[in-house]
1. For mean projected area of the Cα convex hull in nm², the listed values are (1) 17.0; (2) 18.7; (3) 15.3; which was obtained by calculation from the structure presented?
2. Ranking V170, V257 by Cβ neighbours within 10 Å, fewest first, what do you get?
3. Assuming 0.36 nm per residue, please report the length gained on full extension of the stretch T237 to A161 beyond their Cα-Cα distance.
4. First select every other residue whose beta carbon is under 9 angstrom from the beta carbon of H226; then total the charges, Lys and Arg +1, Asp and Glu -1.
5. Kindly work out what percent of the DSSP beta bridges joining two residues of the chain are antiparallel, to the nearest 5.
6. Based on the Cα gyration tensor of region 53-129, what are the three equivalent ellipsoid semi-axes, each the root of five times an eigenvalue, rounded to whole Å and given largest first?
7. What nm value, rounded to one decimal, do you get for the distance between D99 and A127 when each label is placed 7 Å out toward the C-beta?
8. In deg cm²/dmol, rounded to 500, what helix-only [θ] at 222 nm does the chain give when every DSSP H run of at least 4 residues adds -39500 (n - 2.57) and the total is split over its residues?
Amino acid sequence: MKHLLSVLLLLSYINLNAQRVVIIGLDGISTEGFKGSKHPNIDNLFANGLMTLTTRPVMPSVTLPNWTSHLTGQGPEEHGITANNWTLANHPLKAIETDQDGYSPSIFKLLKDGNAKAKTAFYYNWAELINPINKKYLDEVSFEEKDKYQDNYAKALDFVAKNQKSPTLVFLYSVHTDHAGHDHKWMSPEYISSIEEADSAIGSFISKLKEQNLYEDTYFLFITDHGGIGTGHGGVTMNEMEIPWGITGKKIKNLGVTDSFFNNNKNTSLVLAQIFGLKAIPKSWTGIAPKAIFK
């Protein structure tokens with residue numbers, strides 16, 4: 001009897017901690033653009049979770065500082081990344097905390113340090129995006145050229161299936177939505193179409209997860225970095241500084257579209273840490289995990 005009880009407790013522990021999280025990142029999605037486009041698959045995905053349309057980027061409202069903030073729990077004043085041309089070898093502002101290789105501690109490092117069996121993946125199609133992340137904490141890295149992302153979606157599906165018994169964190173990103181804004185203007189028909197195209201790809205990805213029984217135990221985040229106005233961004237207009245952020249999963253409240261809590265891009269890693277049960281939060285992480293989102 002004692003042996004059976006021990007086994008049940010062990011299985012309970014495994015189920016509690018072997019979380020799977022898929023981060024769906026689309027670059028340059030403004031709240032204005034989200035409201036002005038059709039995205040039934042994203043809507044369905046977060047129907048049992050929440051979506052806030054009042055999340056704020058960190059400043060400046062440009063790409064690399066904000067994605068780094070998502071993945072390190074810090075603002076630019078802490079991680080030191082203030083522009084898209086940051087490299088490990090050449091940057092003016094020193095990070096306040098780094099690992100032994102000189103990188104700000106990311107959620108991937110925190111997860112690997114907290115659980116050696118965890119599996120991590122990073123899929124992207126904007127070359128500079130990987131620069132602030134220490135690749136040694138990533139089990140799979142895939143870069144797709146010329147704004148393409150479909151092959152990365154397929155690779156992410158395979159990665160989830162292959163590692164379905166392990167705690168898994170997948171970062172699945174595309175820049176094509178941002179480039180549509182730069183090339184044709186934010187809120188142009190081409191920009192709106194790029195969001196709706198991504199929604200279709202997300203719907204197909206989710207359907208395949210369901211077919212393989214990989215959907216029910218998965219947390220999903222929908223995140224972006226900034227909005228835009230005209231053909232650019234980097235300023236402080238609400239078009240640039242108000243963005244969507246969504247999450248769903250078994251520990252997440254069903255709040256629908258809500259503005260009941262303040263949210264910022266640097267909160268994302270703290271939310272992930274709580275989902276994975278990670279306690280050793282780096283001192284440089286100044287984000288928070290909003291209590292209002294958890295059951």
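1. Among (1) 17.0; (2) 18.7; (3) 15.3, the one derived from this structure is (3).
2. V257, V170
3. Full-extension gain reported as 23.2 nm.
4. Here the count lands on -4.
5. On the way: 9 of 34 bridges.
Antiparallel bridges: around 25 percent, rounded to the nearest 5.
6. For region 53-129, the ellipsoid semi-axes come out as 21, 16, 13 Å.
7. Inter-label distance under the simple model: 2.4 nm.
8. Calculated at 222 nm, the ellipticity per residue is -10500 deg cm²/dmol.
Throughout, read-outs are computed from the coordinates displayed, never taken from laboratory work. All values derive from a computational prediction rather than experimental measurement. Methodologically, a virtual Cβ is constructed for each residue, glycine included, from the backbone with ideal geometry; neighbour enumeration extends over all protein chains shown.
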